[in-house]
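The next block holds one structure in the form of structure tokens; read it before the comments.
The values are calculated or read from the model by the stated rules, or taken from the named source; none is laboratory data. On a predicted model such as this, the values are computed, not experimentally measured, just so you know. FYI the Cβ positions are ideal-geometry reconstructions off the backbone, even for glycines, and counts take in every protein chain you see.
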Amino acid sequence: MGAVMGAPTRRTRVRREPEYGVYDRAAIDAILDEGLVGHLGVIGDGGQPFVLPVGYGRDGDDVLVHGSTASRLFRAAAAGAPVCLTVTLLDGVVLARSTFSSTMNYRSVVVLGTATAVTDEAGKLAALRCLSERLAPGHFDYSRAPLPQELKATTVLRLPLTEASAKVRRGPPHDEADDYDLPIWAGVVPLALTAGQPEPDPAVPPDRPTPPHVREWARRRTR
Ligand SMILES: Cc1cc2nc3c(=O)[nH]c(=O)nc-3n(C[C@H](O)[C@H](O)[C@H](O)COP(=O)(O)OP(=O)(O)OC[C@H]3O[C@@H](n4cnc5c(N)ncnc54)[C@H](O)[C@@H]3O)c2cc1C
């Protein structure tokens, strides 16, 4: 369990719809642990921001990300460029009586800071295990271990959860008072990311069963 943050910083205080702002570490951790994809942003050459999707995994008080050593995004972040990692869970489309008040239900996290590269082999392996376990529990030990050259080709970064915020919207639409009299349906269409049935690679022999950790993974992510 990570440190309790509780209070926003000047940069992480949610100003727009402040009532949706959440700074409690347990709530932030829960969103991070449910998500599978984040968006990592850095300011690139010429001041151009680049925000690219990445896998990630929380390891206690840090978020781990990994990428190719050839990735410009990862090279910039490893060199100490300030980064912003955003994770979004989309929970529903909120259809209001007006298009203006229509919105989405969501839980999102924004982490600001500077990442540190994990450079020693043991630390990298442990971080990759953590990332793999967050994505697909049980698969790291089941699959072939990373080779030294694969480790060399991978940049692993740790981003501390010292400056982070969550924003959470739940519930029905909030329409203008006059609009409640309009003969218009309003409500929420829930959305969730769910797993389908595991599909074996065609090159897997037909008598090789789907391993229990894969079946369990799919079962847990099925609604
Ligand atoms: C799925 C989804 C869809 C959205 N769609 C829209 C849209 O179409 N239009 C729109 O205007 N806004 C949308 N938002 C809200 C958007 O993320 C911003 O919160 C909003 O635009 C206010 O921006 P701002 O720069 O004024 O934020 P401010 O409130 O000034 O942000 C200050 C600080 O609050 C924190 N913060 C702000 N937003 C978030 C967040 N979403 N999650 C976690 N921390 C946050 C950050 O630390 C940020 O630095 C959406 C959010 C989600 C998750």
Screening Gly196, Gly138, Gly187, Gly171 for residues that are more than 24 Å from Leu40 (Cα to Cα) and either in contact with a His (Cβ under 7 Å, 6 or more places away or on another chain) or among the basic types (Lys, Arg) (or both) leaves only Gly138
- With respect to Gly67, determine if the residue is closer than 30 Å to Gly171 by Cα and either basic (Lys, Arg) or touching a helix residue (DSSP H, G or I) at 6+ places or on another chain (Cβ under 9 Å) (or both). no
Note on Arg13: of the conditions (1) basic (Lys, Arg); (2) more than 26 Å from Leu73 (Cβ to Cβ); (3) not in a loop (DSSP other than H, G, I, E, B), unmet is (3)
- Task: Determine whether region 63-81 contains at least one residue that is assigned to a loop (DSSP other than H, G, I, E, B), surrounded by 11 or more Cβ atoms within 10 Å (Cβ to Cβ) and within 15 Å of the ligand (Cβ to nearest atom).
- Result: no
Of the residues in region 123-146 that are in contact with a helix residue (DSSP H, G or I) (Cβ under 9 Å, 6 or more places away or on another chain) and in a loop (DSSP other than H, G, I, E, B), the one that is farthest from the ligand (Cβ to nearest atom) is Ala145
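I need the full set of residues from region 70-92 which are hydroxyl-bearing (Ser, Thr, Tyr), at pLDDT 95 or above and closer than 19 Å to Thr114 by Cβ, in order please. So that I can check it myself, show each step before the final result.
Filtering region 70-92 down to residues hydroxyl-bearing (Ser, Thr, Tyr) leaves 71, 86, 88.
Those left that are additionally at pLDDT 95 or above: 86, 88.
Selection gives Thr86 alone.
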Here the residues within region 1-48 that are within 12 Å of the ligand (Cβ to nearest atom), of a type in the set (Val, Ile, Thr) and either at pLDDT below 95 or surrounded by fewer than 14 Cβ atoms within 10 Å (Cβ to Cβ) (or both) are Thr9
Of the residues in region 181-205, those that are in contact with a Gly (Cβ under 6 Å, 6 or more places away or on another chain) and of a type outside the set (A, V, I, L, M, F, W, C) come to Pro190
For Thr155, the lone unmet condition from (1) away from the ligand (no atom under 16 Å from the Cβ); (2) not in a strand (DSSP E or B) is (2)
Only one of Ser101, Ser108 is within 14 Å of the ligand (Cβ to nearest atom), in contact (Cβ under 8 Å) with a residue 12 or more places away in the chain and not in a strand (DSSP E or B), namely Ser101
Discussion item. Looking for something closer than 30 Å to Pro172 by Cβ, in contact (Cβ under 8 Å) with a residue 40 or more places away in the chain, away from the ligand (no atom under 16 Å from the Cβ) and not small (Gly, Ala, Ser) - is there at least one such residue anywhere in region 113-122?
Written reply: no
Log entry, pairs with first residue in region 48-74 being in contact (Cβ under 8 Å) with a residue 60 or more places away in the chain, second being of a type in the set (Asp, Glu) and surrounded by 14 or more Cβ atoms within 10 Å (Cβ to Cβ), beta carbons closer than 7 Å, six or more apart or on different chains, reads Arg58/Asp29
- [ ] Determine if region 182-196 includes at least one residue that is closer than 30 Å to Glu121 by Cα and either among the aliphatic types (A, V, I, L, M) or touching a helix residue (DSSP H, G or I) at 6+ places or on another chain (Cβ under 9 Å) (or both).
- [x] no
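Per-residue answers, yes or no, for (1) out of contact with any helix residue (DSSP H, G or I) (no Cβ under 9 Å at 6 or more places or on another chain); (2) farther than 23 Å from Ala78 by Cα; (3) in a helix (DSSP H, G or I):
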| site | (1), (2), (3) |
| --- | --- |
| Met5 | no, yes, no |
| Pro8 | yes, yes, no |
| Ile28 | yes, yes, yes |
| Ile31 | yes, yes, yes |
| Val42 | no, no, no |
| Val54 | no, no, no |
